[in-house]
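To start, the structure under review is shown below, and the notes come after it.
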Amino acid sequence: SFAKAVRQAFYNGNERFYGLPSPSDRNAILSYLSNQGDNAGFLNSFVDSTGQVMRVSLKIADMGSIKMDSIINNVIEPEIKKVFDDDEVETAVTGSTLLFVKGNKFLIENLRLSLLLAFVIIAVIMAILFANVRMIIISLIPNFIPLVMTAGIMGYFGIPLKPSTALIFSIAFGISVDDSIHFLAKYRQELFAKNFFVPIAISNSIKETGSSMLYTSIILFFGFIIFVFSDFGGTVALGLLTSLTLFFAMLTNLTLLPALIMVFDSGKRNQNFHPLIEHYEFYIEDEDEEINTQNLLIKENDPFVGTTEK
């Protein structure tokens, strides 16, 4: 039955060719096998030296990890169980295709877990700074939007998610969050300095941190965009997409973040606000004042009159 199945497989699974191979069929089949020339070589192509393990390999079209996973779980494995329904026979699906599907699922799961963990850490930091659920949500939105836009660009242009492109989200999110924390920390400082008047606090925060955020993003943008000149496709995708993500993050942190604070945080602050880490007084050194020396009154003491003896 094995030889019959081989002949049928050679003719693309046509049921009419299910039978013992003729000499001409045998020669044609052996030409595709390694170690051909005798029956032992033909057998060794499928069975190991102990005669306990048999390997059946096939080629399958590249249909993407989602369709491939569905085919393996819903077509191949049920068919294997139906053919080898004997409890004494153990079967397992292996190969590079399965390895790719499993690796891609592992990559996506770890990417989801790492981003979730990053969001939790940022939320904890914002809770320590502001002790306000509203500010936690406000701080996460400008950093989440660039990731969504990058994922949309990847899907639109058919850029696959692989180890080189998965790094984009972690790198860009970390840099983007750094800008947000920089701005919000200054905003928190200005809140106390300006008696919780939000518009002035936001204006001063943008003046103090906006230029540094802009220059940092520009430097990082050109630092990553240079990877597009690489000959390796993964490096090109990493440089281009990371640069775009950082550009989107700069725009959201400079425009959307202050706007969200103005809309959802303006007028809702009061002096009873006490974060987990209390604010501290910043030492501000006043500039030296010019002194008009003409208005100074100099009082001269009476000279000491002494006597000397000769």
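Data for the structure
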{"read-out": "Unique match (being surrounded by 11 or more Cβ atoms within 10 Å (Cβ to Cβ), modelled with pLDDT of 80 or more and outside the structural domain of Ser243 (by TED's automatic domain parsing)) among Ile153, Ile168, Ile76", "value": "Ile76"}
{"read-out": "Residue match in segment 185-204 (condition: within 25 Å of the chain's Cα centre (by Cα), assigned to a helix (DSSP H, G or I) and not hydrophobic (A, V, I, L, M, F, W, C))", "value": "no"}
{"read-out": "Odd one out for Ile138, checked against (1) assigned to a helix (DSSP H, G or I); (2) out of contact with any Pro (no Cβ under 8 Å at 6 or more places or on another chain); (3) in the same structural domain as Ser230 (by TED's automatic domain parsing); (4) farther than 17 Å from Phe264 by Cα", "value": "(4)"}
{"read-out": "Scope segment 203-237; condition of a type in the set (Asp, Glu) and within 22 Å of His182 (Cα to Cα); matching residues", "value": "Glu208"}
{"read-out": "In segment 97-148, residue surrounded by the most Cβ atoms within 10 Å (Cβ to Cβ) [restricted to those that are of a type in the set (Phe, Trp, Tyr) and at pLDDT 85 or above]", "value": "Phe119"}
{"read-out": "Residue within segment 100-108 that is within 30 Å of Phe247 (Cβ to Cβ) and aliphatic (A, V, I, L, M) present", "value": "yes"}
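Residues checked against (1) among the hydrophobic types (A, V, I, L, M, F, W, C); (2) in contact with an Asp or Glu (Cβ under 6 Å, 6 or more places away or on another chain); (3) touching a residue at least 40 places away in the same chain (Cβ under 8 Å):
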residue: Glu90; (1), (2), (3): no, no, no
residue: Lys102; (1), (2), (3): no, no, no
residue: Lys105; (1), (2), (3): no, no, yes
residue: Leu115; (1), (2), (3): yes, no, yes
residue: Ile122; (1), (2), (3): yes, no, yes
residue: Ala127; (1), (2), (3): yes, no, yes
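The values are calculated or read from the model by the stated rules, or taken from the named source; none is laboratory data. All figures in this text were calculated on a predicted structure; none of them were measured in a lab. Neighbour counts run over all protein chains shown; Cβ positions are idealised from the backbone, glycine included.
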